[in-house]
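The values are calculated or read from the model by the stated rules, or taken from the named source; none is laboratory data. Predicted model, so just to flag it, every value in this text is computed and none were measured. Ideal geometry is used to build each Cβ from the backbone, glycine not excepted, and the neighbour counts take in all protein chains shown.
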Amino acid sequence: MFSLTSSQAGTGRSGGRFRAGDIVLPRWLRRPARFMHRVNAGEVEAPRYGATIATAVLLGATAVYGVVAGGHLPQVLQSVTARTGLAIAQVNVIGNQETSEIDVLQEVGLNGWTALVGFNAEDARQRLSGLPWVEGVAVRKVYPATLEVDITEKKAFAIWQHGNELSLIEKDGSVIAPFDGGRYTTLPMVIGVGAREAGPEFIAKVARHPSIANEVRAYIRVGDRRWDLRLKNGVTVKLPEKNEALTLATLAALDRKNGLLSREITSVDMRLPDRMAIGLSEEAAKAHQDAMRERYKTRIADGAQI
């Protein structure tokens, strides 16, 4: 076994040992020390263009260090991979009905040279989550050059009128986006302050009476305390602040028995627990007055004969 030592008296080879004193070099330094000894002794000849190669290696190492230290490695990798055939060439958008593909592509942020390897799918997912109709989204990289965007959209429950503005809302009352017509015109409409928050629960109560629910055009929140029902035939039903379920059941029974809501009336006021006031239309009021007048005349005539 060879051991390496160092000494001020010089170096030389003797008995298979490099002697340079009394110090034994660590095992991991012995091979480099032997190589340097051979270089100093002229036994090793430097390769041709060795200095040029060493300079190139040094400059390359410096450039790599600068890229890594400066945080530019992802951009460099993306540029290199994009130009070697790994640029994103296709984006498949799934599950979108209200969200346009143009909006999706804009939030994904492709520039024609974006590489799939360096593309940050999580960042894209967070940007897409900010679109109005997006409830949830998954972004997947499909090698070699495809990006898949799977969108779950929110479900519109009603139209909320606040002032002169119309908005689509979810079942929990959350606003989705402005209402601009289209296939959502058949959704129920809730109007007024507090209607967005309280509307879904109240609509569910009315839905228990299909004969009424099918005729409702709008649910109007009054003073954020109670509800009015505006029917498709123009009749307004005024409900009390409390006992809404019982009042709706009473209204449904009266309509089923007497066809109340299909008569020539303008309103049904049920705010008081012990009475109900019915507003007649102009024609119905005139007909009622004429009937009362004829009845009065008949009574007078009968009294005269007596």
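Cβ-Cβ contacts under 6 Å between residues 6 or more apart (or on different chains), taken from a first residue in the range 118-136 that is over 17 Å from Leu147 (Cβ atoms) to a second residue that is in a loop (DSSP other than H, G, I, E, B), are listed as Trp133/Glu98; Trp133/Thr99; Trp133/Lys154; Glu135/Lys154. When the range 182-213 is filtered for residues that are among the charged types (D, E, K, R) and more than 23 Å from the chain's Cα centre (by Cα), the ones remaining, listed by number, are Glu201, Lys205, Arg208.
So which residues in the range 202-221 are within 17 Å of Gln161 (Cα to Cα) and surrounded by fewer than 17 Cβ atoms within 10 Å (Cβ to Cβ), if there are any at all?
Listed by number, the list holds a single entry, Arg217.
Please enumerate the residues belonging to the range 82-141 that are at pLDDT below 95 and touching a Ser or Thr at 6+ places or on another chain (Cβ under 6 Å). Ile88, Gln90, Ala115, Val117, listed by residue number. Among residues of the range 206-217 that are in a loop (DSSP other than H, G, I, E, B), those with a beta-carbon under 9 Å from a residue that is of a type in the set (Ser, Thr, Tyr) at least six positions away or on a different chain give the pairs Glu215/Ser262. Screening the range 231-255 for residues that are charged (D, E, K, R) and crowded, with 18+ Cβ neighbours inside 10 Å and picking the one that is nearest to Pro200 (Cα to Cα) gives Lys238. Here Ser174 meets each of (1) free of Cβ contacts under 8 Å to residues at least 60 places away in the same chain; (2) under 18 Å from Val137 (Cβ atoms); (3) surrounded by 14 or more Cβ atoms within 10 Å (Cβ to Cβ) with one exception, condition (3). Does Val142 meet the test of being of a type in the set (A, V, I, L, M, F, W, C) and assigned by TED's automatic domain parsing to the domain that holds Thr99? It is true that Val142 is of a type in the set (A, V, I, L, M, F, W, C) and assigned by TED's automatic domain parsing to the domain that holds Thr99. Can you confirm whether Arg275 is assigned by TED's automatic domain parsing to the domain that holds Val216, among the charged types (D, E, K, R) and more than 47 Å from the chain's Cα centre (by Cα)? Here the answer is yes, as Arg275 does meet what is asked.
Table: residues versus (1) under 27 Å from Trp113 (Cα atoms); (2) touching a helix residue (DSSP H, G or I) at 6+ places or on another chain (Cβ under 8 Å); (3) surrounded by 14 or more Cβ atoms within 10 Å (Cβ to Cβ).
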| site | (1), (2), (3) |
| --- | --- |
| Val137 | yes, yes, yes |
| Arg140 | yes, yes, no |
| Ala145 | yes, yes, yes |
| Glu148 | yes, no, yes |
| Glu153 | no, no, yes |
| Phe157 | no, yes, yes |
| His162 | no, yes, yes |
| Glu165 | no, no, no |
| Glu170 | no, no, yes |
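Residues are listed down the side, and each one gets a yes or a no for (1) over 28 Å from Leu272 (Cβ atoms); (2) of a type in the set (Phe, Trp, Tyr); (3) assigned by TED's automatic domain parsing to the domain that holds Ile102:
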{"residue": "Glu148", "(1), (2), (3)": "yes, no, yes"}
{"residue": "Asn164", "(1), (2), (3)": "yes, no, no"}
{"residue": "Leu168", "(1), (2), (3)": "yes, no, no"}
{"residue": "Ala177", "(1), (2), (3)": "yes, no, no"}
{"residue": "Gly194", "(1), (2), (3)": "no, no, no"}
{"residue": "Ala207", "(1), (2), (3)": "no, no, no"}
{"residue": "Val237", "(1), (2), (3)": "no, no, no"}
{"residue": "Ala245", "(1), (2), (3)": "no, no, no"}
